[in-house]
């Protein structure tokens, strides 16, 4: 925690993980800090250094303390990180192949096809792709109401990274009751499915911004609609101020519910090296931009610029190593290409 900022202004709720990445040249980058919470933090810090956010997450006793210390050195409040009194398997396997990058908990078929070997650190990786998705159960990494530290009660904004449905259904109300006025949420892939369609209204009601990826939203509305703007308006009318549909490369469609405005924000033409995590970086950038301007269009442009930095390298904090002024320059380019439809 930064000594001059005892209470965070904003909070990010997400996951901290240990990432193993197979690069395009079939070389492994093993056991690096990652997870949705870390990528969202990076997107936020691209724009906001004066008021670093707090992070709420759950890790096991085997999570490297040096990684938490590094967050503290960046000014991030880590008092919301709950360290469970037992080990917790937080490994993630990320594979790059051609123009695609994806996370898998069953890497062996892919490695066989690519002629690559499994690193020792991934032996025994749980096959989470076989886990069922429930409306009534949280994943072990999901933050609980009782996990929220008292020091966070002075904060007024929160971003929820992808989690299980139950966590996303319950936690926003908990934070609103504690005085949070800005709530943004990136839905989890596990429930962006037609079988959950009737559950979504309760989830988006009262949100400041709902930030799904286009692919996931199309899956949710399969057989119902193929028009992104129709989907956005439908979600907005349930009581969400802004619907931000993230598109490939870092661009998005922004729907402002109260005014029924439609905006297209383009992706900056970056040289894509590793797009993994850029969606979370986008969301963190959106929160930071919105907190500075309270203008959703400005926030979306800043989010797109942050995502453009993230795709150009490896590691959650790669965007923070960009040349000074580069994020701002890209923001200006994007802002000039915005189109109202």
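The values are calculated or read from the model by the stated rules, or taken from the named source; none is laboratory data. Given the structure is predicted, the values throughout are model-derived calculations rather than measurements. Glycine gets a Cβ as well: all are built from the backbone with ideal geometry, and neighbour counts include every protein chain shown.
The lone criterion from (1) modelled with pLDDT of 95 or more; (2) within 26 Å of residue 8 (Cβ to Cβ); (3) surrounded by fewer than 23 Cβ atoms within 10 Å (Cβ to Cβ) left unmet by residue 176 is number (1). Going through (1) touching a strand residue (DSSP E or B) at 6+ places or on another chain (Cβ under 8 Å); (2) touching a residue at least 60 places away in the same chain (Cβ under 8 Å); (3) farther than 24 Å from residue 96 by Cα one by one, residue 302 falls short only on (1).
Being closer than 24 Å to residue 286 by Cβ, crowded, with 21+ Cβ neighbours inside 10 Å and touching a residue at least 40 places away in the same chain (Cβ under 8 Å) holds for only one residue in 235, 183, 171, 203, and it is 171.
When region 218-239 is examined, which residues are found to be assigned to a loop (DSSP other than H, G, I, E, B) and within 24 Å of residue 305 (Cα to Cα)? Matches in region 218-239: none. Applying the set (1) under 22 Å from the mean Cα position of the chain (by Cα); (2) over 30 Å from residue 9 (Cα atoms); (3) crowded, with 18+ Cβ neighbours inside 10 Å to residue 100 leaves exactly one unmet item: (3). Within region 252-277, residues that are at positive phi have Cβ atoms under 9 Å from residues that are surrounded by fewer than 18 Cβ atoms within 10 Å (Cβ to Cβ) and modelled with pLDDT of 95 or more in these pairs: 260/233, counting only partners at least 6 apart in sequence or on another chain.
Tell me, please, whether a residue that is outside any loop (DSSP other than H, G, I, E, B), touching a strand residue (DSSP E or B) at 6+ places or on another chain (Cβ under 6 Å) and at pLDDT 95 or above can be found in region 191-198. No.
Selection within region 90-117: residues that are in a loop (DSSP other than H, G, I, E, B) and at pLDDT below 95. The member of this set that is nearest to residue 272 (Cα to Cα) is 99.
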